[in-house]
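Here the structure is laid out as structure tokens; the discussion comes afterwards.
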Amino acid sequence: INEYAFRNCTSLESIIFPDSPVVIKSSAFENCSSLKSLNIPNIETIRSNAFYNCDSLKSVEVNATTIENWAFQSCSSLSSVILGNDVKSVYYEAFRNCYALTTLTINNSDTKIGADAFKQSKSLAEVYCYSIIPPSCSINAFEVEETAKLYVPAGCGSAYKDSDWVLNISRNHIFEME
């Protein structure tokens, strides 16, 4: 999907993505202020600013290999993000200024979360990580309150507490799921 393809389409409410791998180029859906939710199935890359300032966007389920810098920056109503099994990289500030983000789900141990990926997303209260092996998590990947909780698979709490995750979420707030 080309750069600026749907930029400023303020009446665009939904998108159906093809099942074949595509690249969503920079600013393709920037300022699409009526988008409410996204299910992005089989996307190769979401380039920078692709969904910048989609301020009605409330939930995203994404299965892109790469989510580049500022891809979802300033999606101020975004409250839930699910990173699917194919997500390998979440770049610098990909979800910056997502002030309403409360829940994040990570399904893959190969996912690398870059520095400041969730900067200024202080409402993030719960992170669910379903990987037995802790995904790579840069220092300052999250800017969260001290009360934020990380839920991990049963028997994996120690692995997460001994990983870079404790640079972002307090050891005392890492809990094992049943």
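One table, with the values for the structure above:
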| item | result |
| --- | --- |
| Single unsatisfied condition, Asp110 versus (1) open to solvent by 40 Å² or more (accessible area, probe 1.4 Å); (2) more than 26 Å from Lys25 (Cβ to Cβ); (3) modelled with pLDDT under 95; (4) not β-branched (Val, Ile, Thr) | (2) |
| Selection from the stretch 68-99 of residues that are open to solvent by 20 Å² or more (accessible area, probe 1.4 Å), hydrophobic (A, V, I, L, M, F, W, C) and in a loop (DSSP other than H, G, I, E, B) | Trp70 |
| Selection from the stretch 53-66 of residues that are more than 20 Å from Asn107 (Cα to Cα) and either crowded, with 23+ Cβ neighbours inside 10 Å or touching a helix residue (DSSP H, G or I) at 6+ places or on another chain (Cβ under 7 Å) (or both) | Cys54, Leu57 |
| Selected residue (criterion: modelled with the lowest pLDDT) from residues of the stretch 1-45 that are open to solvent by 40 Å² or more (accessible area, probe 1.4 Å) and touching a Pro at 6+ places or on another chain (Cβ under 8 Å) | Asp19 |
| Sole residue being of a type outside the set (A, V, I, L, M, F, W, C) and over 24 Å from Asn107 (Cα atoms), chosen from Asn69, Asn31 | Asn31 |
| Condition met for Ser163 (modelled with pLDDT under 95, more than 19 Å from Asn108 (Cα to Cα) and either polar (S, T, N, Q) or open to solvent by less than 80 Å² (accessible area, probe 1.4 Å) (or both)) | no |
| Residue that is modelled with the lowest pLDDT, among those in the stretch 130-153 that are surrounded by fewer than 17 Cβ atoms within 10 Å (Cβ to Cβ) and of a type in the set (A, V, I, L, M) | Ile139 |
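The values are calculated or read from the model by the stated rules, or taken from the named source; none is laboratory data. A quick note: this is a predicted structure, and the numbers were derived from the prediction, not measured. FYI the Cβ positions are ideal-geometry reconstructions off the backbone, even for glycines, and counts take in every protein chain you see. To get the accessible areas, we keep the full protein, side chains included, count just its heavy atoms, and leave off ligands, DNA and RNA. Shrake-Rupley method; radii C 1.70, N 1.55, O 1.52, S 1.80 Å.
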